[in-house]
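J.: Below is a structure I'd like to ask you about.
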Amino acid sequence: MVISCSKLPAFATWDSFSIIQEFEKSMPRECLLLPKTHPKISRTGRSTVAAAIQIHNAKIQPYEKIKARGLPDSIASVLNKLVVVKLNGGLGTSMGCKGPKSLIGVRNENTFLDLTVQQIEHLNKTYNTDVPLVLMNSFNTDEDTKKILQKYSHSRVKIYTFNQSRYPRINKESLLPVAKDVSYSGENTEAWYPPGHGDIYASFYNSGLLDSLIGDGKEYLFVSNIDNLGATVDLYILNHLMNAPNGKRCEFVMEVTNKTRADVKGGTLTQYENKLRLVEIAQVPKPHVDEFKSVSKFKIFNTNNLWISLSAIKRLQERNAIDMEIIVNPKTLYGGLNVIQLETAVGAAIKSFENSMGIKVPRSRFLPVKTTSDLLLVMSNLYSLNAGSLTMSEKREFPTVPLVKLGSSFTKVQDYLRRFENIPDMLELDHLTVSGDVTFGKNVSLKGTVIIIANHGDRIDIPPGAVLENKIVSGNLRILDH
């Protein structure tokens, strides 16, 4: 494992830069174990971000234009140049689960990881190709992930793993690292964190996998979050990269999609100094936050589906030329200690690459499962499952996804599953809000706008076979056996 405790990758704001300075002064020498290369710290201030958000989006191509170019005669020839990378550093704690989030069951008892392997295996079998899967693990997920990988030993997918770095949390008051030494055990467990997916460039390079895959003839990475079930390999985008219309290949492509009111905090692409840049909400000064959230002004956001040239990563890493903004992320540990985490986002490196571009893709390529509300959608009959990929059911008359808000009684996966005897029919649903102690019987159908509110101390049991269409249900409703 590479422990990267200082010289953090950055495009720092002035306040985060001062934190880094104090942090580097205070860090014990034994913790300053640096990777072979590390991105530089840029001292560009908040004023740059403020200026950048005034720039209109540019260099963004519609997906329809990319798709109109068609596919090459030999799909295998372009697929064999591809590596699929899934960001697998997160835990399932926010959904009440232990271990890696990628091991949570999401559809027909298949986990995120199962579905990913099925997708790539289907490509390899269909086109007789060798597309490998690479998992970027964190110290939180590596051990459990490696144990489960044994189940795929007979699948037609080569699977590789590497670990991202481990950084020490910083005490917010003293600006000293919480970690007293480099160990990761006992009371020291909470002292460390994975520093965001922007760490992929240095960790991938230092693992040796980058050079190995280039040696195998691979040319592009397709990187995405493992919990985004819409992030499948798109042959049209890959063909556009491999067979550039003007002969000049893109080194970095970011998939963006239309922003809705549910996505107002999502990062957006801007153009500044003739370079595309990713601007995250954490970088935006408070006076501009409402402007940043505006759906009318910033109409697209980053899906974190990225296509990146392997040779470009190698070149930039060796020149120490990958420049990323630092995100200062405040946290409170279980004991009440306020700490700071310094993180980077993988998409922030877009400005370091040549001929980068955005592609405005259909919303179907952004299907993240962050909560049990999202889980209800992907487990329902709104989607059909084929070879690991979810697609919107043809029986749904309009392509938009319903807005679902499940209350705190549904937050943990175990509680959520207990409250549904089976998943309701949601083909005609527009909006569902559920709050309080509510359970659903078998074969319930939800249509239009449905709001179910059980007040404190009350319970609502939706009976088997119930059809709720444009209904508000409140109070107390119990169905008792006799």
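J.: In nm, give the distance between the simple-model label positions of residue 187 and residue 211, each being 7 Å from the Cα along the Cα-to-Cβ direction.
T.: Here the modelled spin labels are 4.2 nm apart.
J.: What does the charge count near residue 443 come to, summing +1 for each Lys or Arg and -1 for each Asp or Glu among other residues with Cβ under 9 Å from its Cβ?
T.: Net of charged neighbours comes to -1.
J.: Can you list residues from other chains, or at least 5 along the same chain, whose modelled amide H is less than 5 Å from the amide H of residue 161?
T.: Counting only residues 5 or more places away or on other chains, the set is 135.
J.: Taking only the alpha-carbon positions of the chain and ignoring solvent, what does the Debye formula give for the base-10 log of I(q)/I(0) at q = 0.09, 0.14 Å⁻¹?
T.: -0.66, -1.50
J.: How about residue 293: which aspartates and glutamates have a C-alpha closer than 20 Å to its C-alpha, ignoring those fewer than 8 places off in the same chain?
T.: 255, 263, 280, 325
J.: Further, regarding this structure: Using only Cα atoms, locate the centre of the range 329-400 and the centre of the range 199-260, then give the distance between them in Å, rounded to an integer.
T.: That distance is 17 Å.
J.: Can I ask one more? What lysines sit close enough to residue 218 to cross-link, taking a C-alpha to C-alpha distance under 25 Å and skipping anything fewer than 8 places away on the same chain?
T.: Within the straight-line cut-off, residue 218 pairs with 36, 67, 81, 86, 125, 146, 158, 248, 314, 351.
J.: At 222 nm, what value in deg cm²/dmol follows for the chain if DSSP H runs of at least 4 each add -39500 (n - 2.57) and the sum is divided by all its residues, to the nearest 500?
T.: -6000 deg cm²/dmol
J.: Distance from the Cα centre of the range 406-482 to that of the range 115-150, in angstrom?
T.: Cα centroid of the range 406-482 versus Cα centroid of the range 115-150: 36 Å apart.
J.: Identify all lysines with a Cα-Cα distance to residue 412 below 17 Å; exclude those on the same chain that are fewer than 8 residues away in sequence.
T.: 98, 101, 370
Any read-out appearing in this document is the output of simple, stated calculations on the displayed coordinates, not a laboratory observation. It should be emphasised that the depicted structure is a prediction, and the values quoted were computed from it without experimental measurement. Every residue, glycine among them, receives a Cβ derived from its backbone with ideal geometry; neighbour counts consider all protein chains shown.
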